[in-house]
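Enquirer: Encoded as structure tokens, here's the structure I'll be asking about.
The values are calculated or read from the model by the stated rules, or taken from the named source; none is laboratory data. Just so it is clear, the structure is predicted and the values come from calculations on it, not from any experiment. Please note: Cβ atoms are built from the backbone with ideal geometry, for glycine as well, and neighbour counts cover all protein chains shown. Just so you know, the surface numbers come from the protein's heavy atoms only, side chains and all, with ligands and any DNA or RNA stripped out. Shrake-Rupley method; radii C 1.70, N 1.55, O 1.52, S 1.80 Å.
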Amino acid sequence: MRELERNAADFSPALPRRVVVVGRGRLGSTIGPALTAAGVEVIGPLGRDDAPPAGADAVLLCVPDSAIADAAATYAGAAPLVGHTSGATPVSVLAAADAFGLHPLQTFAEDGAAFEGIGCAIGGSTPRALAAADALARCLGMRPFGLADADRPAYHAAASIASNFLVTLEAAAERVAASAGLDRAALVPLVRQTVENWAALGPGRALTGPVARGDEATVERQREAVVTAAPELEPLWDALVEATRRVAAKEVAA
């Protein structure tokens, strides 16, 4: 992946001025108003089966991966540029002459999220399509980087580990903490500081705790407590301890 270096003067001619946003989910409902605020005329968000309007410069499909091909067929011919916002699906699935991908590297929960300063994976079937994706990303304040179709599965898997699986881990932490009378609020400062340490120092130097210290007696007591409080977490605990040992060993070796 490489960051594309352009300024406003470069991307303005390539920026689609009238964009149809398709999809009323979290991303479609967030990116539509954000594009409007950036000066783009937005139609939608529309439903994936709505009649496509005429006269648009681009169609942006903010629909589930499994619905992209059908939505692209529905909106074929509605605009010269057709794009999707999937991180995992190749741009080629759009089967359009000027197709692009635009995937904000951010999580969008119920309250939405800001686009300013975040990364954005882009791709295009033609230079024109790539330039449009780059311009759309930059007009929202994102930092675009090129992503080939072949690299999308690994890219999206990394994003899932960093975001989705983190939530799964915190759910497990809540489950065990509840057995000791603690709630989520008690864990939040710890999680935030850990993420800040990882961002600043990398995984090896940010790692603390009994596994990193080689304190196996404490690790075993923790395991017993986990099995008692939430026996279904035993395989996850064992896998995480082993993975953490490998991170610690790399730091020692370095």
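Enquirer: Kindly indicate which of A200, A186, A180 is modelled with pLDDT of 95 or more, assigned to a loop (DSSP other than H, G, I, E, B) and hydrophobic (A, V, I, L, M, F, W, C).
Expert: Answer to the check: A180.
Enquirer: Got a sec? Which of L233, L207 is surrounded by 14 or more Cβ atoms within 10 Å (Cβ to Cβ) and either under 19 Å from A171 (Cα atoms) or in contact (Cβ under 8 Å) with a residue 60 or more places away in the chain (or both)?
Expert: Only one candidate passes the filter, namely L233.
Enquirer: Next up: Within segment 87-107, does at least one residue satisfy the condition of being over 18 Å from A56 (Cβ atoms) and among the aromatic types (F, W, Y)?
Expert: no
Enquirer: Can you confirm whether segment 179-186 contains a residue that is surrounded by 14 or more Cβ atoms within 10 Å (Cβ to Cβ) and over 16 Å from the mean Cα position of the chain (by Cα)?
Expert: Of the residues in segment 179-186, the ones surrounded by 14 or more Cβ atoms within 10 Å (Cβ to Cβ) are none.
Looking for residues that are surrounded by 14 or more Cβ atoms within 10 Å (Cβ to Cβ) and over 16 Å from the mean Cα position of the chain (by Cα), one finds none in segment 179-186, hence no.
Enquirer: Across segment 26-52, what is the total count of residues that are open to solvent by less than 40 Å² (accessible area, probe 1.4 Å), part of a helix (DSSP H, G or I) and of a type in the set (V, I, T)?
Expert: Total satisfying the criteria: 2.
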